[in-house]
Amino acid sequence: DAKTTQPPSMDCAEGRAANLPCNHSTISGNEYVYWYRQIHSQGPQYIIHGLKNNETNEMASLIITEDRKSSTLILPHATLRDTAVYYCIVRRKASNDYKLSFGAGTTVTVRA
Amino acid sequence: SQTIHQWPATLVQPVGSPLSLECTVEGTSNPNLYWYRQAAGRGLQLLFYSVGIGQISSEVPQNLSASRPQDRQFILSSKKLLLSDSGFYLCAWRTGLAGTNEQFFGPGTRLTVL
């Protein structure tokens, strides 16, 4: 699976949009981009995933560049409860034994 | 709806003692099951995964073992704990159907080996 690079940390103001970047320059054509987050002392929570089109759900939006070498997770209106470590993961389309590889992620701190 | 349970929530064990952590999933059948470990300040490391009863794949050599005695039960064990086994242990599941990608994580067990 392709490797991802994320900034180690970022701050965001409450109520503003949080834009979390991720580089995955070695991504191949059949690999998806997934985002999870982990609030302190809890298990990771799935946020969103995409292949090449932009995606949006009730939690976030995922913008993937045309060359697919990078993506941005957007939290449209950050709240204090969005403070967490956010993981960007690249993974092949699921086979029956699909696995996730979590890196260090980005520690996002939302400030009032 | 599906739920995943882990117990205990926290555990403090002496070096050399045995370990048994349990994970159960409700509301689904034939899930894929996973054990991860997270050391302090680190990312998650996949330890074991299982696609069916009695089927266990190990990702890294270590002091731990896993078993799946029932469809929705996944157990992580050790005969003799090491200090390096301390960490946050997470169980996860996903549906075994092809094309469904999300893994859902349990609340975790925080293990401290002294």
Subject >> Only one of A:Leu51, A:Leu73, A:Leu20 that is within 11 Å of another protein chain (Cβ to nearest Cβ) and farther than 20 Å from B:Gln38 by Cα >> reply: A:Leu51
Original post:
Of the residues A:Glu14, A:Glu31, A:Glu58, which single one is of a type outside the set (Phe, Trp, Tyr) and touching a helix residue (DSSP H, G or I) at 6+ places or on another chain (Cβ under 8 Å)?
Top reply: A:Glu14
**OP:** Report, by residue number, each residue of the range B:67-86 that is part of a loop (DSSP other than H, G, I, E, B), open to solvent by 60 Å² or more (accessible area, probe 1.4 Å) and within 18 Å of B:Pro31 (Cβ to Cβ).
**Re:** B:Arg72
Original post:
Can you name the strands (runs of 3 or more DSSP E) wholly within the range B:1-66 that have at least 3 residues being within 14 Å of chain A (Cβ to nearest Cβ) and under 23 Å from A:Tyr87 (Cβ atoms)?
Top reply: B:3-7, B:19-26, B:32-38, B:44-52
Original post:
Restricting the search to the range A:35-50, which residues are open to solvent by 30 Å² or more (accessible area, probe 1.4 Å) and in a loop (DSSP other than H, G, I, E, B)?
Top reply: A:Ile39, A:His40, A:Ser41, A:Gln42
Subject >> Within the range A:1-34, tally of residues that are open to solvent by less than 50 Å² (accessible area, probe 1.4 Å), part of a loop (DSSP other than H, G, I, E, B) and under 19 Å from A:Leu80 (Cα atoms) >> reply: 1
**OP:** Write out, first by first residue and then by second, each pair whose Cβ atoms fall under 7 Å of each other, whose residues are 6+ apart or on separate chains, and whose first residue, in the range A:49-77, is at positive phi while the second is part of a loop (DSSP other than H, G, I, E, B) and open to solvent by less than 70 Å² (accessible area, probe 1.4 Å).
**Re:** A:Arg68/A:Ile27
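So that you can scan it fast, the table gives a plain yes or no per residue for (1) touching a Cys at 6+ places or on another chain (Cβ under 6 Å); (2) at pLDDT below 95:
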| site | (1), (2) |
| --- | --- |
| A:Gln6 | yes, no |
| A:Arg16 | no, no |
| A:Pro21 | no, no |
| A:Asn30 | no, yes |
| A:Tyr34 | no, yes |
**OP:** Pull up the range B:97-106, narrow it to residues that are open to solvent by 20 Å² or more (accessible area, probe 1.4 Å) and modelled with pLDDT of 70 or more, then point me to the one that is farthest from B:Gln2 (Cα to Cα).
**Re:** B:Glu102
**OP:** Mind listing whichever residues of the range B:40-59 are closer than 17 Å to B:Ser84 by Cβ and either open to solvent by 80 Å² or more (accessible area, probe 1.4 Å) or of a type in the set (Lys, Arg) (or both)?
**Re:** B:Ala40, B:Gly41, B:Arg42
**OP:** Looking for whichever is outside any loop (DSSP other than H, G, I, E, B), among the hydrophobic types (A, V, I, L, M, F, W, C) and closer than 24 Å to B:Phe48 by Cβ here; the options are A:Val108, A:Val90. Which one fits?
**Re:** A:Val90
Original post:
Which of (1) closer than 19 Å to A:Arg91 by Cα; (2) in contact (Cβ under 8 Å) with a residue 12 or more places away in the chain; (3) among the acidic types (Asp, Glu) does B:Asp71 not meet, given it meets every other one?
Top reply: (1)
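The values are calculated or read from the model by the stated rules, or taken from the named source; none is laboratory data. Bear in mind the structure is a predicted one, so any value in this text is a computation, not a measurement. Please note: Cβ atoms are built from the backbone with ideal geometry, for glycine as well, and neighbour counts cover all protein chains shown. Ligands, DNA and RNA are excluded from the accessible area calculation, which covers all protein heavy atoms including side chains. Shrake-Rupley method; radii C 1.70, N 1.55, O 1.52, S 1.80 Å.
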